[in-house]
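The values are calculated or read from the model by the stated rules, or taken from the named source; none is laboratory data. Predicted model, so just to flag it, every value in this text is computed and none were measured. As a convention, Cβ positions derive from the backbone with ideal geometry for all residues, glycine included, and neighbour counts pool all protein chains shown.
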Ligand code: WTA
């Protein structure tokens, strides 16, 4: 039976106790959330502390239509609060002081595991907030963070939030160049990092990478004054420190050890009351024209949305143990490792390692060790683990699981079914959560007790989100059909602007279809009203859940002195979802050889990061261009998969080139 036709009803045992326990109930709340967003979200806001309460008249003010003036989105403007206070102090006051906020599971199973209670977390956050203040960090200052998955990471974020500093986390898999570019763009005052991280067998020396990045920023004309470094590499298993090189590069008067700075600090720090619309954090995401975009999220709306989506989509109940495998350096980690779980007083697991170390059953063993009830990961991880068959799974019990989440890219029905059968034992709900760095939280997702599931469909919108499908001319597609996925009204967690570039924000998201926020993704609605995300409609691609633009990779490739031109397209990949297939035109009289291929791969690794590594680099004496010089990417995508059905090529300046490119496909491709 095609996946679209098969429907999996939620396990009645889950529905019975769920916050939203039937599809009718979902529909009722959903309708309310659209009819009267201010009232709906003001009810949600009641659980939190507001130093200055919101004026009901000003609960939501927005303009979504570029033809009527500048785009602006404001929730609860004039109200004041502090998100860190709501996540920590409020929960401690409500009696959760002794509850574990985070269990920390190291890379090696023998690493000492740590637990941090809400009370202890609050104290550590306050101490570090005092460190930041002593280093001159004030409300509104930007602090960059480049850290592994250790407990100091949420501590650093929340310390920023406590004093009103804006954190800008850069995933520690990015290269020094990428880190430098991001620190320069936001004019960071301070950088927080660690000596290194453990990935499987190897340490990764992060501080050395930071030093390179700090030099680069300096060359670009901005100085990041301070760098605070967690000493992490040597505190883990007794066996591993032997592998650590002695010297961590150090610059006096700029670099400070975290533990030394923390020593004499007060475990209390009065929170800075922030306006609801004051910035909370920025997070860079790829833009289709190359330069990364600093997506800016603000305080109150993000709190409401992170808290509500976490609670409802994972159906988190007191006593549950939740684990999200995403790195905090991506939006999934921001909202669903840190802000959402803590806003609900949840207990979570933070894991430093990889799914494959020391064996391919590491995820399953961690689930059993902590009795995880909600597990949230990416399709690429599921596909990678499926390859080892059921054996590694069956060694573990996994019976505590209730909800399984998926995020980052469309989940193919085969992976969905494997997740459902072997991990969930046909008892768990799968929530295929569609969202973006820009949306702040889930926007299209099933609810575990309410939504009958279709493998591969993200299904229906979350509360407050109004999706529409539009055709190329901006005409709404009603009922069944496929088109651009757009949203016609704001929800509290959406981005407010691009840092220092409101014009690019308006251009990128609001100009194509006036009146709508444009996701850049396509979607299809089936006869039952389910939404199926079909993937990016712009020149973006998604490799193992990492979004990147073909333009940013092309701009690195063409920096090679012997390369004249390049074109990058996406090709389906059985594990990564998509991978990069690159066409390279060498300069006149230059040889395309193995050396060039390795140099190009190295450049991509150094300039962007290892995850952007191309799978195929092929020689292209010419590129298929129209007479106006536009590269016909659809033809290149066909060549990448060796599909001769290239369609109409009559508008090409030189039709011969297509045949030549097919002939040039490398054997290994
Ligand atoms: C894709 C990650 C299909 C989509 C949270 C989106 C998905 C981009 C899904 C955002 C899903 C994310 N089904 N596609 N469940 N989740 N995507 O900003 O193309 O890193 O636009 O945020 O990932 O990636 P980002």
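Scan the range 269-288 for residues that are in a loop (DSSP other than H, G, I, E, B) and in contact with a strand residue (DSSP E or B) (Cβ under 8 Å, 6 or more places away or on another chain) and jot them down.
Those that are in a loop (DSSP other than H, G, I, E, B) and in contact with a strand residue (DSSP E or B) (Cβ under 8 Å, 6 or more places away or on another chain): 273, 276, 277, 278, 286, 287, 288.
State which residue is farthest from residue 284 (Cα to Cα) when the search covers only the range 440-454 and only residues that are in contact with a helix residue (DSSP H, G or I) (Cβ under 7 Å, 6 or more places away or on another chain) and within 12 Å of the ligand (Cβ to nearest atom).
Residue satisfying both the conditions and the ranking: 445.
Determine if the range 552-565 includes at least one residue that is within 16 Å of the ligand (Cβ to nearest atom), buried (at least 22 other Cβ atoms within 10 Å of the Cβ), under 21 Å from residue 630 (Cβ atoms) and at pLDDT below 90.
Yes: the range 552-565 contains one or more residues that are within 16 Å of the ligand (Cβ to nearest atom), buried (at least 22 other Cβ atoms within 10 Å of the Cβ), under 21 Å from residue 630 (Cβ atoms) and at pLDDT below 90.
Just give me the residues in the range 503-512 being surrounded by fewer than 21 Cβ atoms within 10 Å (Cβ to Cβ) and within 13 Å of the ligand (Cβ to nearest atom), in sequence order.
The one that is surrounded by fewer than 21 Cβ atoms within 10 Å (Cβ to Cβ) and within 13 Å of the ligand (Cβ to nearest atom): 508.
Does the range 482-498 hold any residues that are in contact with a strand residue (DSSP E or B) (Cβ under 6 Å, 6 or more places away or on another chain) and over 16 Å from residue 36 (Cα atoms), and which are they?
Passing the criteria: 482, 483, 484, 485, 486, 487, 495, 496, 497, 498.
Could we say that residue 521 is surrounded by fewer than 20 Cβ atoms within 10 Å (Cβ to Cβ) and either modelled with pLDDT of 95 or more or within 16 Å of the ligand (Cβ to nearest atom) (or both) here?
Against the criterion (surrounded by fewer than 20 Cβ atoms within 10 Å (Cβ to Cβ) and either modelled with pLDDT of 95 or more or within 16 Å of the ligand (Cβ to nearest atom) (or both)), residue 521 does not qualify.
Does residue 458 satisfy the criteria of being crowded, with 24+ Cβ neighbours inside 10 Å, within 25 Å of residue 480 (Cα to Cα) and within 13 Å of the ligand (Cβ to nearest atom)?
The answer is yes for residue 458.
If you go through the range 116-133 one residue at a time, do you hit one that is outside any helix (DSSP H, G or I), within 12 Å of residue 189 (Cβ to Cβ) and touching a residue at least 40 places away in the same chain (Cβ under 8 Å)?
Checking the range 116-133: not a single residue is outside any helix (DSSP H, G or I), within 12 Å of residue 189 (Cβ to Cβ) and touching a residue at least 40 places away in the same chain (Cβ under 8 Å).
Tell me the residue from 217, 170, 229 that is more than 22 Å from the chain's Cα centre (by Cα), crowded, with 18+ Cβ neighbours inside 10 Å and within 24 Å of residue 611 (Cα to Cα), please.
Residue meeting the stated conditions: 217.
Residues are listed down the side, and each one gets a yes or a no for (1) free of Cβ contacts under 8 Å to residues at least 60 places away in the same chain; (2) surrounded by 24 or more Cβ atoms within 10 Å (Cβ to Cβ):
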| position | (1), (2) |
| --- | --- |
| 258 | no, no |
| 266 | no, no |
| 273 | no, no |
| 283 | no, yes |
| 289 | no, no |
| 293 | no, yes |
| 306 | no, yes |
| 325 | yes, no |
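Listed residues 430, 411; which is in contact with a helix residue (DSSP H, G or I) (Cβ under 8 Å, 6 or more places away or on another chain), within 14 Å of the ligand (Cβ to nearest atom) and modelled with pLDDT under 95?
Exactly one residue qualifies, and that residue is 411.
Identify all residues within the range 225-234 that are in contact (Cβ under 8 Å) with a residue 40 or more places away in the chain and in a helix (DSSP H, G or I); write none if there are none.
Answer for the range 225-234, where residues must be in contact (Cβ under 8 Å) with a residue 40 or more places away in the chain and in a helix (DSSP H, G or I): there is none.
Within the range 156-173, can you find the residues that are over 17 Å from residue 335 (Cβ atoms) and either part of a helix (DSSP H, G or I) or without any contact (Cβ under 8 Å) to a residue 60 or more places away in the chain (or both)?
159, 162, 163, 165 - these are the residues of the range 156-173 that are over 17 Å from residue 335 (Cβ atoms) and either part of a helix (DSSP H, G or I) or without any contact (Cβ under 8 Å) to a residue 60 or more places away in the chain (or both).
Would you mind listing the helices (runs of 4 or more DSSP H) fully within the range 289-386 where at least 2 residues are at pLDDT below 95 and more than 27 Å from residue 279 (Cβ to Cβ)?
379-386
Please go through the range 185-224 and pick out each residue that is touching a residue at least 60 places away in the same chain (Cβ under 8 Å), within 17 Å of residue 249 (Cα to Cα) and in a loop (DSSP other than H, G, I, E, B).
The one that is touching a residue at least 60 places away in the same chain (Cβ under 8 Å), within 17 Å of residue 249 (Cα to Cα) and in a loop (DSSP other than H, G, I, E, B): 224.
Would you confirm whether any residue within the range 639-653 is touching a strand residue (DSSP E or B) at 6+ places or on another chain (Cβ under 6 Å), under 27 Å from residue 383 (Cα atoms), surrounded by 15 or more Cβ atoms within 10 Å (Cβ to Cβ) and touching a residue at least 40 places away in the same chain (Cβ under 8 Å)?
The answer is yes; a qualifying residue exists.
I need a count of the residues in the range 51-71 that are touching a strand residue (DSSP E or B) at 6+ places or on another chain (Cβ under 9 Å) and in contact (Cβ under 8 Å) with a residue 40 or more places away in the chain.
Result for the range 51-71: 8.
Within the range 386-407, take every residue that is away from the ligand (no atom under 16 Å from the Cβ) and closer than 28 Å to residue 311 by Cβ and give me the one that is surrounded by the most Cβ atoms within 10 Å (Cβ to Cβ).
402
Specify which of the listed residues (515, 529, 577) is within 16 Å of the ligand (Cβ to nearest atom) and touching a residue at least 24 places away in the same chain (Cβ under 8 Å).
Being within 16 Å of the ligand (Cβ to nearest atom) and touching a residue at least 24 places away in the same chain (Cβ under 8 Å) holds for just one of 515, 529, 577, which is 577.
Please indicate, with yes or no, whether at least one residue in the range 81-104 is within 24 Å of the chain's Cα centre (by Cα), over 30 Å from residue 203 (Cα atoms) and assigned to a strand (DSSP E or B).
The answer is no; no qualifying residue exists.
Scan the range 607-621 residue by residue and report those that are over 18 Å from residue 291 (Cα atoms) and buried (at least 19 other Cβ atoms within 10 Å of the Cβ).
Within the range 607-621, 614, 617, 618, 620 meet the criteria.
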